[in-house]
Structure formats: structure tokens, C-alpha cells
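Presented below is the structure to which this report refers.
The values are calculated or read from the model by the stated rules, or taken from the named source; none is laboratory data. From a predicted model like this one, the values you see are computed outputs, not experimental measurements. Heads up, the Cβs are rebuilt from the backbone with ideal geometry, glycines too, and the neighbour counts pull from every protein chain shown.
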Amino acid sequence: MDPYDVIVIGAGPGGYIAAIRAAQLGFKVACIDAWKNAKGGPAPGGTCTNVGCIPSKALLQSSEHYEHALHHFGEHGITATGVSMDVAKMLGRKDAVVKQNNDGILYLFKKNKVMFFHGRARFAGAPADGRYPIAISEPANTTIAGTHVIIATGSNARALPGVAFDEDRVLSNDGALRIGEVPKRLGVIGAGVIGLEMGSVWRRLGADVTVLEGLPNFLGAVDEQIAKEAWKLFTKQGLKISLGVKVGAVRPGEKEVSVEYTTADGKTETASFDRLIVSIGRVPNTDGLTPETAGVKLDERGFVVVDEDCRTSAPNVWAVGDVVRGPMLAHKAEEEGVAVAERIAGQKPHIDFNCIPWVIYTSPEIAWVGKTEQQLKAEGVAYKAGSFPYLANGRARALGNTDGLVKILADATTDRVLGMHAIGPMASELIAEGVMAMEFGASSEDIARICHAHPTLSEATKEAALAVDRRSLNF
Ligand code: FAD
Ligand code: NAI
């Protein structure tokens, strides 16, 4: 059995980054990943690269271009006639972007001397001579052994009870990213991150989109003021969102799928859709991994049990990313992957989970880091809030994209930044400043004193920080 210092199972953002960092630190590293591309070849990058972050953002971009050409070019004095759309080409471009990322990871493995195995891995028993045997099935039929093992097997879409994904009428994120023609009527169950992002893609391309959400509140984890603004903007764009709905029987047919549901006020309704996306959260993926043979414990929901340093119940076995507690985000998985590799090397890295940013890539984008106002109230923290509307930002006006606001929350006594929340153009980029401020323990005054280039959207962040002290200059 070929011995390795570190074996990483899974080459999603958690796994491939852990493998590269471990190799940088001088370890002999193997990484095993089962994902197959359309031709059966390796497709490292996991959910994120193949059916998640990357393809969804490619389609969000394409559909946004289309919507701009149809509805917004006129405002800039540009007449675009005969604008049409080729869904097959759009999907082809998305697939090409995915492949570039798959190839990029294979290149990085070579560059960093990470041994890559394409196949499905499982723990094959207790360690012998201090090394865990890991069996790899098709196409790489072999067994290797490692002193340390990092589990990074990610997650899968959660299905509605009794309603399997057929990826034709009832779609997970996978099917939602490769619908061959724009559905006239698209149903979405779950108004979470995937529901809103994928709902936006197909709405922009012409689908009539109905979103059925179980909870009575819209975007409950988002700062209430931002969620309220998002509701206003998304419903104005044409997304039909029903809250507090109880979904009943779902019946996929040959041409359509019907959904029975009870509305918040108790009425029973049936809706028919051409396609139905079910985006009600994700479940950890440990299928066939047989971690118990190595003494690795799972919790009652199937997550690998880890401590705050990503150590499992078995010595020298670690787990990172979607398969463990915490937010299911690519950058969270990456940070954990790096931290575990460094811990194996005896370093003492630290991840502050309160400083992990969130982004929802709708238009406008929603981004936040740290505490929301409702959390601070619930925790009894005295805070000051300052906000600034994009409407008063020169760059946003020049872009013709003035919806939304940036908000900074700071401790009432120390002025330390406790949270930043934004809805508006490029909120995904602006949020990095809030993350940096929080990581460095900055005050809102620190942000307000930093010179921000003009005209930029980032000036809205500075102005929000000034507003904490009631001294905005441009509003
Ligand atoms: P994964 O990416 O799921 O990778 C796990 C890998 O392990 C897979 O390749 C799998 O095939 C492999 N594997 C599993 N079991 C085995 C085994 N036994 N042997 C070998 N290989 C195995 N997050 C963001 O931060 N930003 C976004 O914009 C974003 N957009 C998303 C959009 C969608 C539609 C979805 C579904 C998710 C999105 N996410 C986003 C979440 C993000 O994709 C995940 O948080 C991230 O991929 C988790 O990384 P991971 O490495 O833990 O697992
Ligand atoms: P989610 O947790 O974001 O949203 C699921 C929604 O479905 C919730 O609002 C929930 O109340 C609702 N729901 C659950 N069961 C329901 C039911 N039976 N009927 C009706 N509604 C129901 O999960 P989602 O959208 O599936 O995404 C999974 C995860 O993937 C996200 O939480 C996020 O971690 C990650 N992701 C991140 C993205 C990003 O960072 N931009 C983009 C897409 C996904």
C-alpha cells in the first residue's frame, strides 16, 4: 500500500484546497474525488465547481446580460432590436466555464505534486502501523494508506419526503442548472439562497416563477431591514413568493408537475408547473464512506462530528466543509481546509466563524458579515446603526443601479464594528471591507477615516460608517 502523510477524500473547495496547502507544507499528499464529467473523466471541484457556485454564477451573468439588453440598454441610449437568446449556447458557455475550473484544479494538483485519484473512497478499517487504509473504487481500483485523513465529501440536495429528484420535472440544483429550454411556469420550493438565485436566472430568461416558502418570514437569517428591501425588489421584478406555505403532494407527470399546498391563511391550492426546483437545504454526504470502520462518529443528521478545530472522534482523522457543522459555503470549506493542513503541520491557525461573509447573488446582490440588528437586540447588545442608500452614491447613479443600501452596525460604547449588511450592486465585493474591519477589530470611525476612491460603490460603505456617528456627507 502506497503510504501518504495526508489523504484527502473529496476535491471540492474544502478538499482540494486542503490538499494543496498540505503539499505546500511539505507533506506527501493524495486527493481522491469521485465526480465524473459528461465523458466519465475526472471533474474535481465538487459541488461548487460542477453544480454550485461557478455554474450558477455563469448563468446569473448570462441571464443578467439578457435582461439588460431587453430592458435597460434603452436608458443608456442604446437601441437593441431583435434581441434573442440561445439557451443551448448559454448552457454551453456555463459548461466551458466549469471545465476551465476542473482543468485548473488538475493543473494545481500537478504543480503542487498532489497525487490525484479519480474514484470513490471508503475507510477500509482501523489504522495499521499508524496509517488508515483507504480503498478507492472505480475507475482507480486501489488501496492507499495515510497517517492523516481529511474527510471533505460535501453535501447533496435535500429531497422532499417521498419525492425523488428525477432531474426532469423535479430538479435539484443539478437539474436546475441545465434546463434545456426556458420553462413557461417554473415552481420553486424554498425561498432560500438557491431558490432565489436559480429563480432569478429563469425569471430573467422569461419563466413565470412561483416560489413556495415554508417559513412565515422571508430570508429569516438576513438583517430584517435588508430582507424587507429584498422582498420589495424581488417581488417588483416579478418573482411570485408565497410565505408560510405547507407543501403537500407533489405529482410529477410526463409534461408537468403538480404541487398541492396549503397557504398561510389555510387555503388548499394546487399549482401546475413545467418544472419544479426543490431547494430546501442540503444534507451531508457520507454515502459509502464507511467512516465507522475507522471510529469516526456521525451525528443524528449524518454530519461528521468535529470539534472547533475540525478533529473527528478518530485520531488524525479530520473533516471540513459541508460535511461538518457550520454554514455550507465554499469559502468556509476552504478556510477549514487550510486550517486543518496547518494544524497537521503543528501550526495554530484560527477561524472566526463570526467573520465569514454571506452573499446571495441576486440582482441586486445581498451580502453580510457579523451580527444582524435582530441578533444584537436578542443578545441585548447596545449598538449604533448607520446606513447609506445607493441612490445617493455617484457611481451607482452612473451605473443606473441605485436600488439598495449599505448598513454598518457598531458597538454603542466601543464603536467596534459588529456587522455589515448590504443590498445593492456589487455588494459581494463591498463586503470584503466589512470582513477586514471585523477581523482587525476596527471601529466604524476607522472605516469612516479611510480614503475611498471616488467615484466608487465602496464610498457607500464609508458613508454608512459616517452615518453611525450621524455625519454622512452625501445624504
Ligand atoms: P463539495 O463541494 O460538495 O465537494 C465534495 C466532493 O467530494 C465532491 O466532488 C464529491 O464527488 C466528492 N466525494 C464525496 N464522497 C466521496 C467519496 N466517498 N470518495 C471520493 N469523493 C467523494 N457557496 C458559496 O460560498 N458561494 C456560492 O456562490 C455558492 N453557490 C452555490 C450554488 C449552488 C447551486 C449550490 C448547490 C451550492 C452553492 N454554494 C455556494 C455552496 C458550496 O457549493 C459548498 O458550500 C461547497 O461546495 C462545499 O465544499 P466541500 O468541499 O465541503 O464539498
Ligand atoms: P437554504 O437553507 O438557503 O434555503 C432553504 C429554504 O427552504 C429555507 O428558506 C427553508 O425555510 C425552506 N424550506 C425548507 N423546507 C421546506 C419545505 N418543506 N417547504 C417549503 N420551504 C421549505 O437552502 P438552499 O437554498 O437549498 O441552499 C443550500 C445551501 O447551499 C445554502 O444554505 C448555502 O449554504 C449554499 N448556497 C450558497 C450560495 C451562496 O453562497 N451564494 C448559493 C446557493 C447555495
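Taken over segment 339-362, the criterion of being surrounded by fewer than 22 Cβ atoms within 10 Å (Cβ to Cβ), more than 11 Å from ligand 1 (Cβ to nearest atom) and either hydrophobic (A, V, I, L, M, F, W, C) or modelled with pLDDT under 95 (or both) is satisfied by ALA339, ILE344, ALA345, ILE351, PHE353, CYS355. Taking (1) closer than 24 Å to ASP287 by Cβ; (2) touching a Pro at 6+ places or on another chain (Cβ under 7 Å) in turn, TYR132 satisfies each apart from (2).
Here GLY45 fulfils each of the conditions (1) within 16 Å of ligand 2 (Cβ to nearest atom); (2) over 20 Å from ASP287 (Cα atoms) apart from (2). Scanning segment 8-33 for residues that are near ligand 1 (Cβ under 8 Å from one of its atoms) and either farther than 28 Å from TYR361 by Cα or among the basic types (Lys, Arg) (or both) returns ILE9, ILE32.
Let's see how each residue does on (1) in contact with a strand residue (DSSP E or B) (Cβ under 9 Å, 6 or more places away or on another chain); (2) surrounded by fewer than 18 Cβ atoms within 10 Å (Cβ to Cβ); (3) part of a strand (DSSP E or B); (4) not small (Gly, Ala, Ser):
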| position | (1), (2), (3), (4) |
| --- | --- |
| VAL247 | yes, no, yes, yes |
| GLU269 | yes, yes, yes, yes |
| GLU292 | yes, yes, no, yes |
| VAL296 | yes, no, no, yes |
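Inspect all residues belonging to segment 303-310 and state whether any of them is under 23 Å from ALA341 (Cα atoms), of a type in the set (D, E, K, R) and exposed (fewer than 14 other Cβ atoms within 10 Å of the Cβ). Within segment 303-310 (the criterion being under 23 Å from ALA341 (Cα atoms), of a type in the set (D, E, K, R) and exposed (fewer than 14 other Cβ atoms within 10 Å of the Cβ)), the answer is yes, since at least one residue qualifies. Would you confirm whether or not segment 311-325 contains a residue that is at pLDDT 95 or above, acidic (Asp, Glu), surrounded by 13 or more Cβ atoms within 10 Å (Cβ to Cβ) and more than 16 Å from ligand 1 (Cβ to nearest atom)? For segment 311-325, residues at pLDDT 95 or above, acidic (Asp, Glu), surrounded by 13 or more Cβ atoms within 10 Å (Cβ to Cβ) and more than 16 Å from ligand 1 (Cβ to nearest atom): absent.
This table checks each residue for (1) in contact (Cβ under 8 Å) with a residue 12 or more places away in the chain; (2) more than 24 Å from VAL193 (Cα to Cα); (3) surrounded by 19 or more Cβ atoms within 10 Å (Cβ to Cβ).
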| residue | (1), (2), (3) |
| --- | --- |
| LEU409 | yes, no, yes |
| VAL417 | yes, yes, yes |
| HIS421 | yes, no, yes |
| MET426 | yes, no, yes |
| LEU430 | yes, no, yes |
| SER444 | yes, yes, yes |
| PRO455 | yes, yes, no |
| LEU473 | no, yes, no |
